[in-house]
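Here is the structure we will look at, set down as C-alpha cells.
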Amino acid sequence: MGSSIYGVSSSHISLFLFFSFLSLSMAALPQNPSGKSSPSGQINSNSVLVALLDSHYTELAELVEKALLLQTLEEAVGKHNITIFAPRNEALERQLDPEFKRFLLEPGNLKSLQTLLTFHIIPKRVGSHQWPDPKTGPVKHNTLCNDHIRLTSQSTGKKTVDSAELVRPDDVIRPDGVIHGIQQLLIPRSVIEDFNRRRNLRSITAVLPEGAPEVDPRTHRLKKPAPVPVGAPPVLPIYDAMAPGPSLAPAPAPGPGGPRHHFDGESQVKDFIQTLLHYGGYNEMADILVNLTSLATEMGRLVSEGYVITVLAPNDEAMAKLTTDQLSEPGAPEQIIYYHIIPEYQTEESMYNAVRRFGKVKYDTLRLPHKVVAQEADGSVKFGHGEGSAYLFDPDIYTDGRISVQGIDGVLFPEEETQTVKKPAAVKVASKPRRAGKLLEVGCWMLGSLGGGSGFRWCQ
C-alpha cells in the first residue's frame, strides 16, 4: 500500500510534478507554427527562400544573389508569408533582350535590378485556388517594390499575372510561402523608363560650353558664335578646361554656370565612386580621388561642362605596390591619376575592337604629353609597356554615357624617355711617313758639294 501525505498518495504527487515540468518545458520553447524565420534573421531550412535557391529556377535565384536581396527577403519572410512568381529559365536566359540584360547586370543599375526582382514578390500568401473569379475581374496586389500587379482568370481556365501566364501553379509550397511558375519576366514601368533613359541619354543631353566673348579686331565688335548642332562635343579641348596643375582648389572649368548647367557632373562622379566602393577591390582608388586629392571635384566640373572621360582604375592589389616615395612628392598622386584618365568615352567593347583591328592604339591622357598604349593580349586589352603593363581586369564597372570606369590590375606609368648620347667612333688614320729626314739629307749633300766638307760636317 503506497504511502500518503495528508491524504494525497505519492503516485499522484509524482504525476503532478511530471506534468508541471512538461508544461514549463513547452512554454520555454519558441512558438513558430507558421514556419517563418525567427526575428534574429535566421532562415528555417523549410523556408521558401531555401526552396527558391535550391529549385529549378536557377536563373532567378542567381539574380536574387547578384542583387543582394537575401537579407531583404529574410526580413520579409520573418514578418509575413510571401508569394513568389518565378519566370522560367528560358525566359531569362534566351528570350530576354541582351541589351536589357546587360543593363540589369551593370553595377550602377543595382536599384533597377532590385526593383525588377521585388516586383515578382507579394508580401502575402496567394495560392492558385485564391485567384479571382473570371466574373469579378482582375484583382490588384501590392508587391515588395511598392508597386502592384494584377491577377486575372479567364473563362477558359487560363490564369495570368499581369501579362505573364501562370504555367506551374503551386510549384513550391512551404509553411512561409509559395512559388508559382510563370511564362515570362514581369517588368515594372519604372525599370523600363530607367532603361530607356540610360539608352537614349535623354537626361544628359550634351550642351556646349560658352567661353569668353571674342572681339573682332577690325570692327571692334563681338563676334557672333557659329551655329553648332545640338549634341556636339565641347569646342574647347578638355586640357583648357582643366585646373592649372594640381591644387587644393581646382579652378572652375569655362562654360555655362549656374542654372545653365544641363549636366550634374558631381552626382555622376559621386555615383561612380559609390559604385567603386560597392563593387569591391577599388577602395584605394576612391580614397585618392576623394580624400588624398581634389580630383573628384575637378572631374565633376569637367563632366558638368559636357566633357566625357574614361577612367582606368587600378585595383587595391595594384595600388598597394606603390611606394611612399612615389606618393610623397607634391603633385605625384594627381599626376598618377591623370595618366589613368582618357579624355574620351570608351567601353571594353570599343577598346577591344580597336586593338583587334589596328594592333596598337595610343590614347591621349590628361597628363600631357604622355599617351597610354593599348594592345590585344590573351583575349583582353593590355595597357602600358613591358613590366609596367596592366590588363583590363574588370570591364565596364560603371558606364553612363559620360563616365566610363574600367578596372585594371596594375598602376600605369609613362615610358621613360631616355636619351642615349652616342659617342663618335674613333677613326684610325694611317699616318704617312715623314719626309723631313730625306729633305735634310738632300740639303746636306748639296752644301757638301758646294762648300767642300764643311757643309757635310755641319749636317753631322
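Details
- A 1.4 Å probe run over the protein chains yields, for the range 97-171, 54 Å² of accessible area per residue, whole-number rounding.
- Dipole magnitude (debye, nearest 20) for the range 112-174, charges at Cβ of Lys, Arg, Asp, Glu: 160 debye
- At most 11 other Cβ within 10 Å, DSSP loop - trypsin sites (Lys or Arg not before Pro), the range 56-153: ARG94, LYS135
- Within the range 48-72, backbone nitrogen closer than 19 Å to the virtual label 7 Å beyond the Cα of ARG94 toward Cβ: 56-61
- A 1.4 Å probe run over the protein chains yields, for the range 336-422, 52 Å² of accessible area per residue, whole-number rounding.
- Between ARG102 and THR156, the simple spin-label model (points 7 angstrom out along Cα→Cβ) gives 3.7 nm.
- Among residues other than GLU376 with Cβ under 15 Å from its Cβ, the summed charge is +2 (Lys and Arg +1, Asp and Glu -1).
- Taking label positions 7 Å along the Cα-Cβ direction at both ASN291 and GLU329, the computed distance is 2.5 nm, reported to one decimal.
- Farthest toward positive dipole pole in the range 345-408 [+1 Lys/Arg, -1 Asp/Glu at C-beta], among LEU366, PHE393, TYR345: LEU366
- 18 Å Cα-Cα threshold exceeded, pairs from LYS124/LYS158; LYS101/LYS124; LYS66/LYS111: LYS124/LYS158; LYS101/LYS124
- Summed side-chain charge close to LEU63 - residues other than LEU63 whose Cβ falls under 12 Å, Lys, Arg +1, Asp, Glu -1: -2
- Taking other residues whose beta carbon is less than 11 angstrom from the beta carbon of LYS101, and scoring Lys, Arg as +1 and Asp, Glu as -1, yields -3.
- With the simple spin-label model, which puts each label point 7 Å out from Cα in the Cβ direction, the VAL50 to GLU75 separation comes to 2.3 nm.
- Stretchable slack from LYS111 to SER267, in nm (0.36 nm times residue separation minus alpha-carbon distance): 54.6 nm
- Under the combined filter of DSSP loop state and at most 12 neighbouring Cβ atoms within 10 Å, the range 268-367 retains these trypsin sites (Lys or Arg not before Pro): LYS321.
The values are calculated or read from the model by the stated rules, or taken from the named source; none is laboratory data. Note that the structure is predicted; figures quoted are calculated from it, not measured. Quick reminder, even Gly has a Cβ in these numbers, built from the backbone with ideal geometry, and neighbours come from all protein chains shown. Remember, those area values only see protein heavy atoms, side chains included, never the ligands or the DNA or RNA. Shrake-Rupley method; radii C 1.70, N 1.55, O 1.52, S 1.80 Å.
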